[in-house]
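See below for the structure under consideration.
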Amino acid sequence: MKSLPTKKTHVIGAALFAAAMTLPFSNAAFAEAAPEKGIVAFKYLNYKESQPVSEDRMSVNAYTVSAMAPIAGKWSISTSYTYDSVTGASPDYHSNIDHFISGASPIREQRDAGDLSVTRYLPQGSVTVGGSYSEENDYISRGYSAQASISTEDKNTTFTFGGSYTTDTIAANNSEWRDLGRIEEKRTVAGALGVTQVLTKQDIVQLNLGYSKGRGYFDDPYKTYDYRPDRRESKTVMTRWNHHFAAIDGTSHLSYRYYTDSFGIRAHTFGLEYLQSLPHEWTVTPSVRFYSQTAADFYLPVDPADPGRNDYFLPLFIAGTPLGITSMDQRLSSFGALTLGIKVEKRIAKDWIVDLKYENYEQRAGWSMTGGGDPGLKPFSASFVQVGLSREF
């Protein structure tokens, strides 16, 4: 695998397909029975950013092949492989410096990632263990996870618990302010507890609690003036409520997630999906998600006295005066974001399913629920297009 050493933000492509796999509760919430059929699936995703200050922002093309196969009626094995490529350019800091964005090094990055998990099904539960590996030219990530679930005799209540351990190796290949080729590491341990309750024939609710603790290199080595704490702890609370409308064969999915971490970020995520079955084995799923966060304690906003100038503290660096823990990454600022999406799915033969999904993401400083957004930041937009094909066997 070859790629150019480039100046880049650490890429979203990895998260788009792998994020669900890194969460202990990404699998079914119930102590499910062993599957009777296996499945092979292919997905293609295109992600593209846009911002008023630049027409050439980040673009990601990602391809994933995954498979699950039952074994001996009590086991299953699941695996996936993802390849993604990233092109475009990214600002050194903030979002409103035309000369920095136009002068940023072009990004051309490839990434390979894979995972493997094995599940043992029990009379009232299941146990899953797995591992994952991801590599690009300057970033290697290894992950290990375990999850178990147990249900009551009536199968109306399921308890789930799990944990994961991730180790990352990062190399700074291109930076004006750091030692080139320096190798850094990061270690993260995470755990989660959850309970799922069947209330009625139409209603299921779920509560998940999560905690993670990481130590090591959290800086973005491809952003200027980015110096973050070497430790990060986070806590999450997530609730879900699924309701089935039997008369019209539709299901709503409501969710809320609260997140807090030692960087000072407090975030709220509200989600709503509605899955509607249609004649001739079609389904359509519109969705809406709203996200809001406060700024990290060490986020440095655009100079309020001169929003067009972001290097107002540059003399401090030239004079050798340390800034300490500081970041101008707009992802650490206070903002709100709205995502609208729709997914269409069709069974095209007895064992084949094809799906198409589109999402549009809009981020604004002024949309933060708690206020305090950085007025110097430009609006940010992104679009996701995903096509999938799967076959049961």
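Derivation of every value follows stated rules applied to the coordinates shown; laboratory data play no part. Because the structure is predicted, anything quoted here is derived from the model rather than measured. Methodologically, a virtual Cβ is constructed for each residue, glycine included, from the backbone with ideal geometry; neighbour enumeration extends over all protein chains shown.
Between R120 and R187, what FRET efficiency comes out of the Förster formula 1/(1 + (r/R0)^6) with R0 = 22 Å and r the beta carbon distance, rounded to 0.05?
Here the calculated transfer efficiency is 0.20.
Quick one: which residues, 5+ away or cross-chain, put their amide H under 5 Å from the amide H of D374? H built at 1.01 Å from N.
The answer is S334.
If I model the stretch 138-282 as equal point scatterers sitting on the Cα atoms and use the Debye formula, what is log10 I(q)/I(0) at q = 0.15, 0.22 Å⁻¹?
Ignoring solvent entirely, the Cα scatterers give -0.92, -1.31.
Taking the highest mean first, how do the peptides 124-132, 81-89 order by number of other beta carbon atoms within 10 angstrom per residue?
Ranking, from highest mean packing down: 81-89, 124-132.
Whole percent per 10 Å bin, from 0 to the bin with the longest distance: what is P(r) over all C-alpha pairs of the stretch 217-262?
20, 24, 21, 17, 12, 4
Apply the Karplus curve 6.51 cos²θ - 1.76 cosθ + 1.60, θ = phi - 60°, to the phi angles in the stretch 119-131 and return the couplings in whole Hz, x for Gly and Pro.
Once rounded to whole Hz, the list reads 10, 10, 9, 10, x, 10, x, 7, 10, 10, 10, x, x.
Ordered by residue, what ³J(HN,Hα) values in Hz, to whole numbers, does the stretch 109-117 give under the Karplus form 6.51 cos²θ - 1.76 cosθ + 1.60, where θ = phi - 60° and Gly and Pro are x?
10, 10, 9, 10, 8, x, 8, 8, 9
Residues with amide H under 5 Å of R182's amide H, sequence separation 5 or more or different chain, H placed in the peptide plane at 1.01 Å from N; which?
Long-range HN contacts for R182: A172.
Could you go through the stretch 339-355 in sequence order and give the Karplus-derived ³J(HN,Hα) for each residue, using 6.51 cos²θ - 1.76 cosθ + 1.60 with θ = phi - 60°, rounded to whole Hz, and x for Gly and Pro?
10, 10, x, 8, 10, 10, 10, 9, 7, 9, 7, 4, 10, 10, 9, 10, 9
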